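Every number here is computed from the coordinates shown, using simple stated rules; none is lab data. Small disclaimer: the values here were computed from a predicted structure and weren't measured. Cβ sites come from the backbone with ideal geometry, for glycine too, and all protein chains shown count toward neighbours.
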Amino acid sequence: MGQTKILTNCMEIVLYSAMKLSVRGEYALRALLVLARDYQEDDSVVRIQEISNKQNIPKRFLEQILNDLKSGGIVESKRGVAGGYRLHRTPDRITLAEIVRHIEGPLAPVSCVSEKFYEKCSCPDESRCAIRSVMKETRDAIVAVMERVTLAELAERARQLEQEPLSASDFVI
């Protein structure tokens, strides 16, 4: 079934660990996708059980994630029998970069190229480091996409993909 990749050098380890979205990050994006698709201008909310069912996310883990997103000003909640969650702002005002930074931290693969979470690295000359220059290019590409794509665009992409016919390569046995 799944293959385990053996990382052969330090750079592969840095790239693999720094650029892989955690399960928590993936679940956060999937939960927010549900809220974006169901977004209405009124105060209507989506129940946590509905999000859990639609995205196959364990409810207790989802509660923790949504509370974290609430503390970050990305979602708001309504308590009670008719309670649930909704986006704090319209889906077109929330970027994937904002979400991932809040849940995961820096978008940069190494901290010495991070604009928001910079930390000095241990290389002898940071300004002339070839590895750092490649990591900066990588960071710039990631940031460009993540800052451009909003939850509204993600929801629209999901709608479009649902309309496409499935091919044989979409199925795994």
Cα-centred dipole magnitude for segment 21-157, charges only on beta-carbon of K, R (+1) and D, E (-1), debye, nearest 20:
340 debye
On Cα atoms only, tilt of 23-37 relative to the major axis of the chain in degrees
40 degrees
I'd like the Karplus ³J(HN,Hα) series for segment 74-82: coefficients 6.51, -1.76, 1.60, θ = phi - 60°, whole numbers in Hz, and an x wherever there's a Gly or Pro.
8, 10, 10, 10, 10, 8, x, 4, 9
Mind giving me the nanometre distance, one decimal, between the label points for Q49 and E126, set 7 Å out from Cα along Cα→Cβ?
5.2 nm
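Using the per-residue mean of other Cβ atoms lying within 10 Å as a proxy for protection, in what order, highest first, do the peptides 154-165, 70-81, 22-33 fall? The partial results should precede the final answer.
Details: 154-165: 11.1, 70-81: 13.2, 22-33: 18.4.
Ranked from most to least packed, the peptides come out as 22-33, 70-81, 154-165.
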[x] 13.9, 38; [y] 18.8, 59; [z] 16.3, 54: which one is Rg and Dmax of the Cα atoms in Å as calculated from this entry?
[y]
Over the chain, calculate the relative contact order: mean separation of alpha carbon pairs under 8 Å at least 6 apart, over the residue count, as a percent.
23 percent
Under the Karplus relation with 6.51, -1.76 and 1.60 and θ = phi - 60°, whole-Hz ³J(HN,Hα) for segment 115-122, x at Gly and Pro, equal 7, 9, 10, 4, 9, 5, 9, 9
From the helices alone, meaning DSSP H stretches of at least four residues, give me the mean residue ellipticity at 222 nm for the chain, per-run term -39500 (n - 2.57), in deg cm²/dmol to the nearest 500.
-16000 deg cm²/dmol
Excluding near-sequence neighbours (fewer than 8 apart on one chain), the chain holds lysine pairs with C-alpha atoms under 27 Å apart numbering 16
J(HN,Hα) series, segment 39-53, from Karplus relation 6.51 cos²θ - 1.76 cosθ + 1.60, nearest Hz, glycine and proline x
5, 9, 5, 6, 8, 5, 10, 10, 5, 4, 5, 5, 4, 4, 5
Interchain or sequence-distant (5+) residues whose placed amide H lies within less than 5 Å of the amide H of I94 are L151, A152
For the chain, the longest principal axis of the Cα atoms and the Cα long axis of helix 130-148 enclose an angle in degrees, to the nearest 10, of 20 degrees
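Summing Lys, Arg as +1 and Asp, Glu as -1, what charge do residues with Cβ under 13 Å from the Cβ of A130 carry, A130 excluded? Don't skip to the end; give the middle numbers.
On the way: positive: R128, R132, K136; negative: D125, E126, E137.
With Lys, Arg at +1 and Asp, Glu at -1, the net is 0.
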Return, ordered by residue number, the residues of segment 34-65 whose backbone nitrogen is under 15 Å from a label point located 7 Å along Cα→Cβ of R159.
34-41
